[in-house]
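Asker: Here it is, the structure in full.
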């Protein structure tokens, strides 16, 4: 090799599998290279074509396809493609197309064969490593997930079965039996057009009618479920799954305009996802003791890893994990109420933070609170609620949701208060804010009632959405807090690394990525009076106002999805390798493509923070 | 668009010139060069054997300055063969000026141990023969080589080149902003090698030597052809 070709040798030597090769092999590679330029959008390798080169990407990006034409992988600078054919019959097995202008270094087959035979780590890389590397690649579509791509209407196999709300219990049961359905839609037929008003399911018949020995002549309207949760016919199957998880319902009417297209049942979805997180949820509800719940909780991590390997997006994973967490809490509250007796006054158990936002992952602590009815008298009732709060909190800790270090739990008397006190809390936080207390109360602005009188939580949401948008000072201070944590990007687009507990140079994808993002999205959401809690839904609500340009909102959405999914995959990989999952990532654990996209995503966060500072007149953050 | 990449050489009948020169040439290397012939101007560029060529020199005037190093690599539109790349430092006739040392990274020691250009003419001609040179800025390599051969062999070497800088100049005719455009902040479009490469998303090469610049020029031509011409473009449309 000519010494003047050092530039080319050095580039190759940075990337696996070349980074461990001895000097003479590197020189042999460089001497064999043919350089070729490919324009964006043009094919590089076509199916079945003869190929005698390993392709190394010096610059640009390439998409690799399956023979079916489905996208298989996306590779960028420092990555290789074309190796599969070289190991088989020198015919292209995976066609490749330039998606950016590319400079490709083509390494001849003789050199490839020599490396493959001579160098064990090179052989491992091209034979085995490829599969696991792919799993962490950015746009992995190896197994396209039908949950995400198929519309919910695909699950509807028949016309919906309905009856007027005036039918009697026995008649309803007969219609269900005759038609072989597990749910019956009930229509109000007093108007011009029948209107969907309720549903009755097999389970309702058992729990509401049979156990209470209701007369067969009971009007069905007395026991049907009203205030129906429905789903639009345009939704994807995974959205139906999220809706079921979130609301703990097993049947969803599918509607298009005013018309009911059909009913989707839990069992329909389970067919699509055999190892469903929905299974886990129904398993939680079947448990009769905390011990049983603890046993089920051992499956949570497996369920997480499976979802990641099935290519779920971050919204799906986050919602599923939150749904599981919510189900543990709900079941524990049921068990607690069984043990302690019914509550002396109505109450609502609230989830806070990531669970309320539907953005929970596997490493998480519990953040919860209780809103009690205003008829609450501490001396008479608080023993009960403290005991219940303690039962739930200890149970959650048993199931892997560690105690909140900031003591934001219903066991803390401060966070176990009647509605009027909660209203005072929020009024004070919003009307006379102070940066320090706001920092600690941030988490209360992501709230969701999960058990009991959930309308109590709704009242708080209403108060927040009405007040927050009018308090400039509150928004300014909240924005200032949201600027405390900056993305880990240096001046020249380098990663800024910190030393983690294991003395490794890493950056924290939560503290420096998803947390600053959800903080700044929360500020905009509160400013425009949105009631949504989930960051993606908040972005959708924000985009409807003029607060953010459409492009900025979708950039934030992409950045959040990308940082979240890298974080999720990082944790899934740790679990699979038997390590404790965390949020600290070393740059070398990422593919070049991930590195470059992460930098883009962090840049989006950084720009959004600048806008936040300007928009809410928030001055300088403290930049921790 | 390609019709305007022209110089006074463009209308030469190169294949005929080569034939005529092969009757006059005495030096066997020069004779061999002309006998190998020149492709007809209507040959599609994809079929032409090319040679990216870059000289580092002690200055810009062929009559006064000397060649310090030669970098070259044979290529076609299908690929640039790094295994056939060649780099050679040669001893200039004139003392090495201090400023050019810093530009080329070539030291007095390198020069003192280097051969005269005459001693490396055999390999140089092996590369040149049968290939059309590709350069970035045509006023260096061709004139310097011409002067050097005139001086050493008393022979004349004349050939067409493809100039990637002339192609860029042609693509950016308004690259120098008017006074008015300067006032409103318009920057001139640079057609230097590194700046031109950026427009095609070609990577930045840290090192600077005649070989890496020759490779950079070859890559640039591949990109120019794919973006603005076609592999079927006749060679006669772009040589100068």
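Asker: Which residue, of B:143, B:173, B:231, is assigned to a loop (DSSP other than H, G, I, E, B) and either within 10 Å of chain A (Cβ to nearest Cβ) or surrounded by 13 or more Cβ atoms within 10 Å (Cβ to Cβ) (or both)? Walk me through how you get there before you give the answer.
Answerer: On the way: B:143 fails: assigned to a loop (DSSP other than H, G, I, E, B); B:173 fails: either within 10 Å of chain A (Cβ to nearest Cβ) or surrounded by 13 or more Cβ atoms within 10 Å (Cβ to Cβ) (or both).
None of the other options fit; the residue is B:231.
Asker: When you check residue A:292 against the structure, is it more than 19 Å from the chain's Cα centre (by Cα), in a helix (DSSP H, G or I) and more than 19 Å from residue A:358 (Cβ to Cβ), yes or no? Please lay out each step first, then the result.
Answerer: Values: more than 19 Å from the chain's Cα centre (by Cα): yes; in a helix (DSSP H, G or I): yes; more than 19 Å from residue A:358 (Cβ to Cβ): yes.
Yes: the conditions hold for residue A:292.
Asker: Could you pull out the residue among A:374, A:394, A:407 that is in contact with a helix residue (DSSP H, G or I) (Cβ under 7 Å, 6 or more places away or on another chain) and either surrounded by fewer than 17 Cβ atoms within 10 Å (Cβ to Cβ) or assigned by TED's automatic domain parsing to the domain that holds residue A:523 (or both)? Full working, then the answer.
Answerer: Details: A:394 fails: in contact with a helix residue (DSSP H, G or I) (Cβ under 7 Å, 6 or more places away or on another chain); A:407 fails: in contact with a helix residue (DSSP H, G or I) (Cβ under 7 Å, 6 or more places away or on another chain).
Among A:374, A:394, A:407, only A:374 is in contact with a helix residue (DSSP H, G or I) (Cβ under 7 Å, 6 or more places away or on another chain) and either surrounded by fewer than 17 Cβ atoms within 10 Å (Cβ to Cβ) or assigned by TED's automatic domain parsing to the domain that holds residue A:523 (or both).
Asker: Do you know which residues across the range A:89-106 are modelled with pLDDT of 85 or more, in contact with a helix residue (DSSP H, G or I) (Cβ under 8 Å, 6 or more places away or on another chain) and either under 16 Å from residue A:22 (Cβ atoms) or more than 14 Å from chain B (Cβ to nearest Cβ) (or both)? Walk me through it before giving the result.
Answerer: Initial filter on the range A:89-106 (modelled with pLDDT of 85 or more): A:92, A:94-106.
Going one step further and asking which of them are in contact with a helix residue (DSSP H, G or I) (Cβ under 8 Å, 6 or more places away or on another chain), we end up with A:92, A:94, A:101, A:103, A:105.
Correct list: A:92, A:94.
Asker: With a cut-off of at least 1 residues that are closer than 17 Å to residue A:331 by Cα and touching a residue at least 12 places away in the same chain (Cβ under 8 Å), name the strands (runs of 3 or more DSSP E) lying wholly within the range A:342-424.
Answerer: Details: elements: A:347-352, A:368-372, A:416-418.
Per the criteria, A:347-352, A:368-372.
Asker: From the set of residues in the range B:85-99 that are surrounded by 18 or more Cβ atoms within 10 Å (Cβ to Cβ) and not in a loop (DSSP other than H, G, I, E, B), which is modelled with the lowest pLDDT?
Answerer: Within the range B:85-99, the match that is modelled with the lowest pLDDT is B:89.
Asker: Return the residues of the range A:9-42 that are facing chain B (nearest Cβ under 7 Å) and crowded, with 20+ Cβ neighbours inside 10 Å; say none if nothing qualifies.
Answerer: Filtering the range A:9-42 down to residues facing chain B (nearest Cβ under 7 Å) leaves A:30-37, A:39.
Scanning the range A:9-42 gives A:30, A:32, A:33, A:35, A:36, A:37.
Asker: Let me ask something additional. Hey, can you tell me all the residues within the range A:43-71 that are crowded, with 20+ Cβ neighbours inside 10 Å and over 27 Å from residue B:75 (Cβ atoms)?
Answerer: none
Asker: Considering the range B:40-53 alone, what residues qualify as being at pLDDT 95 or above, outside any helix (DSSP H, G or I) and under 19 Å from the mean Cα position of the chain (by Cα)?
Answerer: Hits for the range B:40-53 are B:48, B:49, B:50, B:51, B:52, B:53.
Asker: Now for a separate question. Within 26 Å of residue A:323 (Cα to Cα) and crowded, with 18+ Cβ neighbours inside 10 Å, is that true of residue A:483?
Answerer: Details: within 26 Å of residue A:323 (Cα to Cα): no; crowded, with 18+ Cβ neighbours inside 10 Å: yes.
When the stated conditions are applied, residue A:483 does not pass them.
Asker: Does residue A:428 fit the bill of being surrounded by 15 or more Cβ atoms within 10 Å (Cβ to Cβ) and farther than 18 Å from residue A:524 by Cβ?
Answerer: no
Asker: Taking the conditions exactly as written (touching a residue at least 12 places away in the same chain (Cβ under 8 Å), away from chain B (no Cβ under 12 Å) and within 23 Å of residue B:221 (Cβ to Cβ)), does residue A:62 satisfy them or not?
Answerer: yes
Asker: Moving on to the next point. Can you name the residue in the range A:581-610 that is without any contact (Cβ under 8 Å) to a residue 60 or more places away in the chain and over 27 Å from residue A:80 (Cα atoms) and is also surrounded by the fewest Cβ atoms within 10 Å (Cβ to Cβ) among such residues?
Answerer: A:610
Asker: If you go through the range A:164-195, how many residues are surrounded by 19 or more Cβ atoms within 10 Å (Cβ to Cβ) and assigned to a strand (DSSP E or B)?
Answerer: Residues flagged as surrounded by 19 or more Cβ atoms within 10 Å (Cβ to Cβ) and assigned to a strand (DSSP E or B) within the range A:164-195 amount to 5.
Asker: Please work out if residue A:342 is surrounded by fewer than 19 Cβ atoms within 10 Å (Cβ to Cβ) and either at pLDDT 95 or above or touching a helix residue (DSSP H, G or I) at 6+ places or on another chain (Cβ under 9 Å) (or both). Write out each step before concluding.
Answerer: Numbers: surrounded by fewer than 19 Cβ atoms within 10 Å (Cβ to Cβ): yes; either at pLDDT 95 or above or touching a helix residue (DSSP H, G or I) at 6+ places or on another chain (Cβ under 9 Å) (or both): no.
For residue A:342, the condition - surrounded by fewer than 19 Cβ atoms within 10 Å (Cβ to Cβ) and either at pLDDT 95 or above or touching a helix residue (DSSP H, G or I) at 6+ places or on another chain (Cβ under 9 Å) (or both) - is not met.
Asker: Quick one: count up the residues across the range A:516-547 that are over 18 Å from residue A:356 (Cα atoms) and buried (at least 21 other Cβ atoms within 10 Å of the Cβ). Give the steps one after another, and end with the answer.
Answerer: Of the residues in the range A:516-547, the ones over 18 Å from residue A:356 (Cα atoms) are A:527-528, A:542-547.
Filter once more, so that each one left must be buried (at least 21 other Cβ atoms within 10 Å of the Cβ): A:527, A:542.
Result for the range A:516-547: 2.
Asker: Just name the residue that is surrounded by the most Cβ atoms within 10 Å (Cβ to Cβ) out of those in the range B:1-26 that are in a helix (DSSP H, G or I) and modelled with pLDDT under 75. So that I can check it myself, show each step before the final result.
Answerer: Here is the first cut: in the range B:1-26, the residues in a helix (DSSP H, G or I) are B:2-4, B:14-24.
Cutting the leftovers down to modelled with pLDDT under 75 gives us B:2-4.
Details: B:2: 15, B:3: 8, B:4: 11.
The selected residue is B:2.
Asker: Another question, if that's okay. Quick check: is even one residue across the range A:569-576 farther than 19 Å from residue A:506 by Cβ and free of Cβ contacts under 8 Å to residues at least 40 places away in the same chain?
Answerer: No, because not a single residue in the range A:569-576 is farther than 19 Å from residue A:506 by Cβ and free of Cβ contacts under 8 Å to residues at least 40 places away in the same chain.
Asker: Condition first: within 14 Å of chain A (Cβ to nearest Cβ), surrounded by 15 or more Cβ atoms within 10 Å (Cβ to Cβ) and farther than 18 Å from residue A:39 by Cβ. Can you find one or more residues in the range B:126-137 that meet it?
Answerer: Step one: list which residues in the range B:126-137 are within 14 Å of chain A (Cβ to nearest Cβ), which gives B:127, B:134.
After this cut, where a residue has to be surrounded by 15 or more Cβ atoms within 10 Å (Cβ to Cβ) as well, the list is B:127, B:134.
Within this subset, residues satisfying the condition of being farther than 18 Å from residue A:39 by Cβ are B:127, B:134.
Yes, that holds for at least one residue.
Asker: For residues in the range B:199-222 being more than 11 Å from residue B:85 (Cβ to Cβ) and more than 7 Å from chain A (Cβ to nearest Cβ), which is surrounded by the most Cβ atoms within 10 Å (Cβ to Cβ)?
Answerer: Only one residue fits best here, namely B:217.
Asker: Another question, if that's okay. If I filter the range A:497-536 down to residues being without any contact (Cβ under 8 Å) to a residue 12 or more places away in the chain and touching a helix residue (DSSP H, G or I) at 6+ places or on another chain (Cβ under 9 Å), which single residue comes out as nearest to residue A:464 (Cα to Cα)?
Answerer: Across the range A:497-536, the extreme among qualifying residues is A:532.
The values are calculated or read from the model by the stated rules, or taken from the named source; none is laboratory data. Since we're looking at a predicted model, the values are computed, not measured. As a convention, Cβ positions derive from the backbone with ideal geometry for all residues, glycine included, and neighbour counts pool all protein chains shown.
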